[in-house]
Amino acid sequence: MIFFVIGGSGSGKSEYAENLAVQLKEQETEKLVYVATMKPLDEESWQRIGRHRKMRAGKGFETRECYTHLEQLSVDKNEIILLECLSNLTANEMFSENCRKEQAAQAIEKGILHLAKHCRHLVVVGNNVFEDGMEYDETTMEYLRQMAGLHRFLGKVSDSLTEVICGIPVEWRKL
Amino acid sequence: MVKSNDVDTAEEKVQRKNHDINNSGRKSAEEKTMILITGGAFQGKSEMAKQLYFAQENGKEPLILEGKTEEMELLKKADIILHFHLWIRSLLEEGKDPYAMTEQLLKANPRVLITMNQMGCGIVPMDAFDRKYRETVGRIGCLLAKQAQEAYLVNCGIAKRLK
């Protein structure tokens, strides 16, 4: 099943998504996998990644890196995948080397369906960055449009959709 | 329950979407009423506006206008006005009073369906006009919601009925 968790910055969406993935694990044979999408570019990001990795290790997650080409990530039917997050992935697919540029959202949709098809459960985390009313430069607007396309896509294919506000889950689609 | 390795077919998705609309508490045979649809940018408000319109007015082709460019006299005849915040913006730019104009519009067209962006959840803009614009949109949103018989919040293409 596909679970989509969205929220603003500091809303508690990551913690909620992690706990959700942990709860989805029903059997010992099932494995928790965290798909990390943030490219470490400097010392600060390495430190942040290290801290998060430690936090998740305590919850039993294995980390698997994926910056682009999600559709090629190897997954197993016993795995519960936590994919965090769409905003990083979209930026990587639009702006980094060997990326899919204007086909970014399309490529990521394919990747999400690939994961959902081959894993036990998929939890996707998204960033609600659409309610500030700002008009940005065209590159940023295109980034927002591509990401919003992915949000609407997940609005269709997800079995459960939750918005986290101040750590409180608000259900948009109940399982 | 859906199996994890089953990706839904298009028909199942449509069924689910209809299910979501019905579950939002709306009676499909209701009389035509004023509706407000709000939500973040690019979340599927326009699409939802058309769906709600067709649920109400079977078969009739709606007059859909963009808030950005249309004149008052045209807007008074519209079935659906999209991007209402952009109308407010152009009124402010022309030095007109968007509150009075909105009231005038709703008086002449009390059954209109309006979509408008949620835009108040960011940093206070540096520019005075942008600050005024953002706040006016928020406040007119409150007025519209007060007048509307139905109000919806759209996120990821899903509508949640607020009123």
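Miscellaneous remarks
- Accessible area of the protein assembly as shown belonging to carbon and sulfur atoms, whole % at 1.4 Å probe: 51 percent
- Accessible area (Å², 1.4 Å probe, nearest 10) - A:Phe95: 110 Å²
- Compared with its chain on its own, the range A:116-150 contains the following residues whose accessible area drops by 40 Å² or more in the full protein assembly (probe 1.4 Å; ligands, DNA and RNA excluded): A:Lys117, A:Phe130, A:Glu131, A:Asp132, A:Gly133.
- Area hidden from solvent between B and A (accessible, protein heavy atoms only, 1.4 Å, total, Å²): 2500 Å²
- In the assembled protein chains, B:Val124 presents an accessible area of approximately 90 Å² (probe radius 1.4 Å).
- Of A:Thr139, A:Gly60, B:Gln147, farthest towards positive along the dipole that unit charges on Lys, Arg, Asp, Glu beta carbons give the protein assembly as shown: B:Gln147
- Accessible area per residue was computed with a 1.4 Å probe on protein heavy atoms; A:Asp76 scores about 70 Å².
- Candidate lysines for bridging to B:Lys77, where Cα separation is under 22 Å - those fewer than 8 sequence places away on the same chain excluded: B:Lys32, B:Lys45, B:Lys50, B:Lys60, B:Lys68, B:Lys96, B:Lys107, B:Lys146
- Working value for the range A:1-159: equivalent-ellipsoid semi-axes of 24, 18, 16 Å, each the square root of 5 times a Cα gyration tensor eigenvalue, largest first.
- P(r), alpha carbons of the range B:24-161 - 10 Å bins starting at zero, rounded %: 12, 45, 34, 8, 1
- Paramagnetic reach from B:Glu57 in the range B:99-134 [backbone N under 13 Å; point 7 Å along Cα→Cβ]: B:109-114
- Grouping the Cα pair distances of the range B:88-163 into 5 Å bins from zero gives a pair-distance distribution of 3, 13, 23, 23, 19, 13, 6, 0 percent in increasing distance order.
- The residues of the protein assembly as shown present an accessible area of 50 Å² per residue when probed at 1.4 Å with all protein chains retained.
- For B:Leu63, the amide hydrogen comes within under 5 Å of the amide hydrogens of B:Asp79, B:Ile80, counting only partners 5 or more places away or on other chains and with H modelled in the peptide plane.
- Amide H partners (placed H, <5 Å) of A:Glu79, local residues excluded: A:Lys31, A:Arg120
- With 20 Å bins beginning at zero, the pair-distance distribution over Cα atoms of the protein assembly as shown amounts to 29, 53, 18, 0 %.
- For A:Lys31, the lysines whose Cα falls under 22 Å of its own Cα, not counting residues fewer than eight places away in the same chain, are A:Lys13, A:Lys54, A:Lys59, A:Lys77, A:Lys117, B:Lys3.
- Estimated Rh, the range A:69-124: Kirkwood, alpha-carbon pairs, angstrom: 11.4 Å
- Highest average packing first - A:29-41, B:74-86, B:58-70, Cβ atoms within 10 Å: B:74-86, A:29-41, B:58-70
- Size of charge dipole - the protein assembly as shown - debye, nearest 20, with Cβ of Lys, Arg +1 and Asp, Glu -1, no other charges: 900 debye
- Residues of type aspartates and glutamates that A:Lys39 reaches as a straight line, Cα spacing below 14 Å, ignoring anything fewer than 8 places off in the same chain: A:Glu65, A:Glu84, A:Glu93, A:Glu97
- ³J(HN,Hα) computed for each position of the range A:100-116 - Karplus, 6.51 cos²θ - 1.76 cosθ + 1.60, integer Hz, glycine/proline x: 9, 6, 5, 9, 4, 4, 4, 5, 5, 4, 4, x, 5, 5, 4, 4, 4
- The residues packed around A:Leu122, meaning those with a beta-carbon under 11 Å from its beta-carbon, carry a net charge of 0 if Lys and Arg are +1 and Asp and Glu are -1.
- Backbone HN-Hα couplings from phi across the range A:134-151 [Karplus 6.51/-1.76/1.60, Hz, Gly and Pro as x]: 7, 9, 9, 5, 4, 4, 5, 4, 5, 4, 5, 4, 5, 5, 5, x, 5, 5
The values are calculated or read from the model by the stated rules, or taken from the named source; none is laboratory data. Just so it is clear, the structure is predicted and the values come from calculations on it, not from any experiment. As a convention, Cβ positions derive from the backbone with ideal geometry for all residues, glycine included, and neighbour counts pool all protein chains shown. SASA here: full protein model, heavy atoms, side chains in, ligands and nucleic acids out. Shrake-Rupley method; radii C 1.70, N 1.55, O 1.52, S 1.80 Å.
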